[in-house]
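Trainee: Got a structure for you, questions after.
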Amino acid sequence: HARRTEGVDKNVWVEFTQLAADYKAVNLGQGFPDFSPPDFVKEAFCKAVSGGPSMHQYTRAFGHPPLVKNLAKFFSRVVGRDIDPFEDVLVTVGAYQALFSAFQALVNEGDEVIIVEPFFDCYQPMVLMSGGKAVYVPLRPREGSAVLSSADWVLSAEELESKVTPHTKAIVINTPNNPLGKVYKTEELQVIADLCIKHDLLCVSDEVYEWLTYDGAKHVKIASLPGMWERTITVGSGGKTFSATGWKVGWAIGSGNILKHLKTIHQNSVYHCPTAAQEAVAQGFQREYELFGTPESYFQQLPAMLHHKRKKLASCLQSVGLQPVMPEGGYFMIADISSIKVDFNDQSSEDEPYDFRFVKWLVREKHLATIPVSAFYSPEHSKEFDKYIRFCFVKEDATLDAAADILKKWS
Ligand code: PMP
Ligand code: GLN
């Protein structure tokens, strides 16, 4: 085997998605909706598949023209600048491949990439596989006050700057954050932007949950801050945007002179993404462009629906004595398990982090699937953060009710 496969072989999704299936668990683990995408994109997909021969053949390598045009049109309005569909946009196999292409294209051996913890787990192996070194800076719960919301988890500007060395190449952020749900405020993004500009760093901004904010939190694109368009790669996901994670349509948006390097990786690995799925996402963005800011927009309807699901899950967790951190955005809610005493009855995994053992016990004994939060920390810091588990609330009410039943019976 090649050396780049070493140390990146364990994967939390592989492990816990299998466990959820093995135990036929009520699944609040892996983040995907268990309800259908909206009719307008399903119909667009069906229309594409039943359409002419071109929908079944290769399309443009860097993105189906209707999709890159609609992404550029839509995001030009959001970012407040003219985005060129053919220069500044790359369509990828989900946000995953946009991230992978970014690290492969921009990180050299020995380069350092700063990752804000907790982080979507794939950033670390992707940085390693590009030959880079991951350097971590944690969001920390504000001291003193009871931690009630993801807004109480903050980044220290001094601590962040202390991580910058002459080898630092990029900073990776994720807003709204997975797993915490933090939505960075403009002031917080400005601190990161100032640092990027001062030290001439790139920024990879993973914004797959950009439409999902609650209770007045507002998503801000770091690429829209002065001086940041030129150095930011913004990553998005059609799966998360239209509740169709299985379609695996994603994108990277940024200045053409950066994007061209991601295209080089793409053309030498994946080359094309599936045409019909791109066509359907293109139609979805066309509709959303027309309805933007109106109550019919899916980008208003989905967060409104999730707002209720999030409340439902939070009150259920509270009623059984699990203190949730209320997310300002995204698909997930983390909860503190330190007050729950369980006898794992299993000596075999004693060297595993506490939350991994807890989650395995929960799926094995109670048939409820969740995700251990220490999986979103570096090996160096996971010990400090092994008392939380993550619940996905983007589920049918019946699924959330089934989870509530399990929790209530047991507590
Ligand atoms: N980034 C984050 C923060 C995620 O939670 C996910 C999982 N959906 C991805 C990227 C990957 O998205 P996709 O399914 O579009 O590859
Ligand atoms: N982003 C989703 C999650 O965090 C799915 C991750 C995956 O399937 N790799 O649960």
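Values quoted throughout were computed directly from the atomic coordinates according to the rules given, and no laboratory measurement underlies them. Remember, it's a predicted structure, so these values are computed and weren't measured experimentally. Neighbour counts run over all protein chains shown; Cβ positions are idealised from the backbone, glycine included.
Trainee: So what is the relative contact order for the chain, in percent, with contacts set as C-alpha pairs under 8 Å and at least six apart?
Mentor: Relative contact order, the chain: 24 percent.
Trainee: Give the value in nm², to one decimal: projected area of the alpha carbon convex hull of region 60-164, averaged over all directions.
Mentor: About 9.2 nm², averaged over all directions.
Trainee: Compute and list, largest first, the equivalent-ellipsoid semi-axes of the chain from the alpha carbon gyration tensor, each √(5λ) rounded to a whole angstrom.
Mentor: Semi-axis lengths for the chain are 32, 26, 21 Å.
Trainee: Can you compute the helix-only [θ] at 222 nm over the chain? Use -39500 (n - 2.57) per DSSP H run of at least 4 residues, normalise by all residues, nearest 500 deg cm²/dmol.
Mentor: -12000 deg cm²/dmol
Trainee: Between residue 54 and residue 1, what is 0.36 nm times their sequence separation minus the Cα-Cα distance? Round to one decimal in nm.
Mentor: That works out to 15.1 nm of additional length.
Trainee: Follow-up. Just the C-alpha atoms of region 294-409: what Rg/Rh do they give, with Rh taken as the Kirkwood radius?
Mentor: Looking at region 294-409, the ratio lands at 1.02.
Trainee: Using a 7 Å offset from the Cα along the Cα-to-Cβ direction at both residue 148 and residue 290, what is the distance between the two label points in nm, to one decimal?
Mentor: Taking the simple label geometry, residue 148 and residue 290 are separated by 4.3 nm.
Trainee: How would region 108-171 be classified by its alpha-carbon gyration tensor: rounded, prolate or oblate, with rounded meaning a/c under 1.5 and the a/b versus b/c comparison settling the rest?
Mentor: Oblate shape, in that a/c is at least 1.5 and b/c is the bigger or equal ratio.
Trainee: About its Cα centre, what dipole magnitude does region 273-411 give when the only charges are +1 on Lys and Arg Cβ and -1 on Asp and Glu Cβ, stated in debye to the nearest 20?
Mentor: That gives a dipole near 440 debye.
Trainee: Arranged by the count of other C-beta atoms within 10 angstrom, fewest first, what order do 287, 310, 81 take?
Mentor: Ascending number of Cβ neighbours within 10 Å: 81, 287, 310.
Trainee: Given Cβ point charges of +1 (Lys, Arg) and -1 (Asp, Glu) and nothing else, what value in debye, to the nearest 20, does the dipole of the chain about its Cα centre take?
Mentor: Roughly 760 debye for the chain.
Trainee: Go ahead and run the numbers for FRET between residue 10 and residue 297, Cβ-Cβ distance against an R0 of 41 Å, rounding to 0.05.
Mentor: That pair, residue 10 with residue 297, gives E of 0.55.
Trainee: Among 216, 48, 20, flag the residue with its Cα farthest along the positive direction of the charge dipole of the chain, charges on Cβ as +1 for Lys/Arg and -1 for Asp/Glu.
Mentor: Projecting each Cα onto the dipole axis, the largest value belongs to 48.
Trainee: What distance in nm separates the two pseudo spin-label positions at residue 34 and residue 339, each 7 Å out from Cα along the beta-carbon direction?
Mentor: Going from the residue 34 label point to the residue 339 one covers 2.7 nm.
Trainee: Moving on. What is the antiparallel percent of DSSP beta bridges lying wholly in the chain, to the nearest 5?
Mentor: 50
Trainee: So how far, in whole Å, is the C-alpha centre of region 252-291 from the one of region 379-398?
Mentor: Using only Cα atoms to place each centre, the spacing works out to 31 Å.
Trainee: Taking neighbour Cβ counts within 10 Å as the exposure measure, how do 357, 364, 390 sort from fewest upward?
Mentor: Ordered by Cβ neighbours within 10 Å, fewest first: 364, 357, 390.
Trainee: Of the peptides 66-79, 247-260, how do they stack up when ordered by the mean number of other Cβ atoms within 10 Å, highest first?
Mentor: Highest to lowest by the protection proxy: 247-260, 66-79.
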